[in-house]
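Here's a structure for you.
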Amino acid sequence: GKHRIVIPCLGHFKEEYEKVSKLYMNNQIRTTKYTLLNFLPRNLFEQFHRVANLYFLFLVVLNWVPLVEAFQKEITMLPLVVVLTIIAVKDGLEDYSKYKMDKQMNNLLTKVYSR
């Protein structure tokens, strides 16, 4: 693997530092789980790993079969949609607060030790 090279005094090593620093990622902190593009599919993927949500999904699918239909299709879907929506909103708010904290941490001023 690669290892990081630290050059504390840039004086006559500036060119070498610029060449080496292009090989590494930035130093930003990112603790968020979602982005705007992957929120919905990733959140649904995680929610359907819960057994209860799979059970309610099974009931919804089963109710679409005409021979087994016990209730109206919309009524069977209602508990699952409500639970998925509430959990998605909660996860979105938590992730947004993590995003704000990350942004705050990444914009802090730091002191660099130099002789």
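The values are calculated or read from the model by the stated rules, or taken from the named source; none is laboratory data. This structure is a prediction, so every number in the text was calculated from the model and none was measured. Heads up, the Cβs are rebuilt from the backbone with ideal geometry, glycines too, and the neighbour counts pull from every protein chain shown. In case anyone asks, the SASA skips ligands and DNA or RNA and just uses the protein heavy atoms, side chains included. Shrake-Rupley method; radii C 1.70, N 1.55, O 1.52, S 1.80 Å.
For residue 8, work out the one condition from (1) part of a loop (DSSP other than H, G, I, E, B); (2) more than 30 Å from residue 99 (Cα to Cα); (3) modelled with pLDDT of 75 or more it doesn't fulfil.
(3)
Would you please list the contacts, defined by Cβ atoms under 8 Å and residues six or more apart or on different chains, that run from a residue in the range 101-115 that is closer than 15 Å to residue 27 by Cβ to a residue that is modelled with pLDDT of 70 or more?
Hits for this filter: 102/28; 102/29; 102/30; 102/31; 102/32; 105/29; 106/28; 106/29.
Turning to a different aspect of this structure: Return a yes/no flag: does the range 35-51 have any residue that is out of contact with any strand residue (DSSP E or B) (no Cβ under 8 Å at 6 or more places or on another chain), under 22 Å from residue 80 (Cα atoms), surrounded by 11 or more Cβ atoms within 10 Å (Cβ to Cβ) and β-branched (Val, Ile, Thr).
As a first pass, look at the range 35-51 and keep what is out of contact with any strand residue (DSSP E or B) (no Cβ under 8 Å at 6 or more places or on another chain): 35-51.
Now restrict to residues that are under 22 Å from residue 80 (Cα atoms): 38-51.
Filter once more, keeping what is surrounded by 11 or more Cβ atoms within 10 Å (Cβ to Cβ): 38-40, 42-44, 46-48, 50.
Narrowing further to those that are β-branched (Val, Ile, Thr): none.
No, because not a single residue in the range 35-51 is out of contact with any strand residue (DSSP E or B) (no Cβ under 8 Å at 6 or more places or on another chain), under 22 Å from residue 80 (Cα atoms), surrounded by 11 or more Cβ atoms within 10 Å (Cβ to Cβ) and β-branched (Val, Ile, Thr).
Taking the options 80, 108, 23, name whichever one is of a type in the set (A, V, I, L, M, F, W, C) and modelled with pLDDT of 90 or more.
Details: 108 fails: modelled with pLDDT of 90 or more; 23 fails: modelled with pLDDT of 90 or more.
Just one listed residue meets the conditions, 80.
Any idea how many residues of the range 11-34 are open to solvent by 100 Å² or more (accessible area, probe 1.4 Å), charged (D, E, K, R) and more than 24 Å from residue 101 (Cβ to Cβ)? Show your work before the answer.
Of all residues in the range 11-34, those open to solvent by 100 Å² or more (accessible area, probe 1.4 Å) come to 12, 14-15, 19, 22-23, 25-28, 30.
Keeping just the survivors that are charged (D, E, K, R) gives 14-15, 19, 22, 30.
Remaining after also requiring more than 24 Å from residue 101 (Cβ to Cβ): 14-15, 19, 22.
Of the residues in the range 11-34, 4 are open to solvent by 100 Å² or more (accessible area, probe 1.4 Å), charged (D, E, K, R) and more than 24 Å from residue 101 (Cβ to Cβ).
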